[in-house]
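Colleague: Handing you this structure, nothing more for now.
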Amino acid sequence: MDCIFCKIIRGEIPCAKIFEDENTLAFLSIGPISKGHTLVIPKKHAEVYMDLDDESINDLATTLKKVATMVKKGTGADGLNLGLNVHEAAGQVVPHVHFHVIPRINGDGLSTWPGGTYEDGEIEEWTKKIKGALE
Ligand code: 5GP
Ligand code: ZN
């Protein structure tokens with residue numbers, strides 16, 4: 001398969017490995033938002049998070065907790081952003097599920113997302129739309 005992260009998993013492309021177990025892998029991003037920016041991925045290929053089966057999600061969550069703890073301690077960061085981009089519209093470039101673990105330092109100046117507002121009655125409409133999508 002032509003997926004770059006699958007190639008990393010198979011050892012065809014090198015990576016700076018942080019952690020590996022049977023079903024997951026964590027390695028440094030080559031384009032770090034901050035030093036120590038780590039990616040946590042399932043070894044089973046899936047394009048987006050919602051494509052993963054529940055067992056893979058559990059494995060990924062367990063490794064994410066472990067790696068987040070390692071990154072915070074190892075980098076001495078004051079905080080972390082744990083992030084997941086789903087599809088191109090949300091900034092996903094590599095089509096293999098990956099959590100971002102991004103070290104943050106107090107006052108590092110990295111901007112966060114702007115908060116918007118709801119008009120009267122709008123929050124109820126959006127609640128209804130999303131709750132109505134439960135399968
Ligand atoms: P996305 O925008 O898809 O959520 O994030 C892709 C991440 O993968 C970015 O942090 C980017 O720097 C990283 N990345 C892309 N290609 C490679 C690669 O070949 N090796 C490593 N280690 N990271 C990669
Ligand atoms: Zn893949």
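Colleague: Provide the solvent-accessible area of Thr62, counting protein heavy atoms only and rolling a 1.4 Å probe, rounded to the nearest 10 Å².
Modeller: We get 90 Å² for Thr62.
Colleague: How much mean residue ellipticity at 222 nm does the chain get from its helices, if each DSSP H run of length 4 or more adds -39500 (n - 2.57) and you divide by all residues, to the nearest 500 deg cm²/dmol?
Modeller: -9000 deg cm²/dmol
Colleague: Let me ask another. Rounded to the nearest 10 degrees, what's the angle between the helix 54-75 long axis and the longest principal axis of the chain, both from Cα atoms, 0 to 90?
Modeller: 70 degrees
Colleague: Sticking with this one: Treating the angle as unsigned and between 0 and 90°, give the value, to the nearest 10°, between the Cα long axis of helix 122-131 and the longest Cα principal axis of the chain.
Modeller: Long axis of 122-131 versus the principal axis of the chain: about 50 degrees.
Colleague: Classify the chain: rounded, prolate or oblate, from the alpha-carbon gyration tensor (a ≥ b ≥ c, eigenvalue square roots; a/c under 1.5 rounded; otherwise prolate if a/b is larger than b/c)?
Modeller: It comes out oblate by the Cα gyration axes.
Colleague: What's the lysine pair count for segment 4-108 at a Cα cut-off below 13 Å, pairs eight or more apart or interchain?
Modeller: Count of close lysine pairs: 4.
Colleague: Shifting gears a bit: Would you mind checking which residues have amide H under 5 Å from Ile18's amide H? H placed 1.01 Å from N; only 5 or more apart, or other chain.
Modeller: Close amide H contacts, sequence-distant or interchain: Ala26, Phe27, Leu28.
Colleague: Can you give me the % of accessible surface on segment 4-108 that is carbon or sulfur? Probe 1.4 Å, all protein chains present, nothing else counted.
Modeller: Roughly 55 percent of what the probe reaches on segment 4-108 is carbon or sulfur.
The values are calculated or read from the model by the stated rules, or taken from the named source; none is laboratory data. What you see is a predicted model; the values in this text were computed from it and never measured. For accessibility, only protein heavy atoms count, side chains too; no ligands or nucleic acids. Shrake-Rupley method; radii C 1.70, N 1.55, O 1.52, S 1.80 Å.
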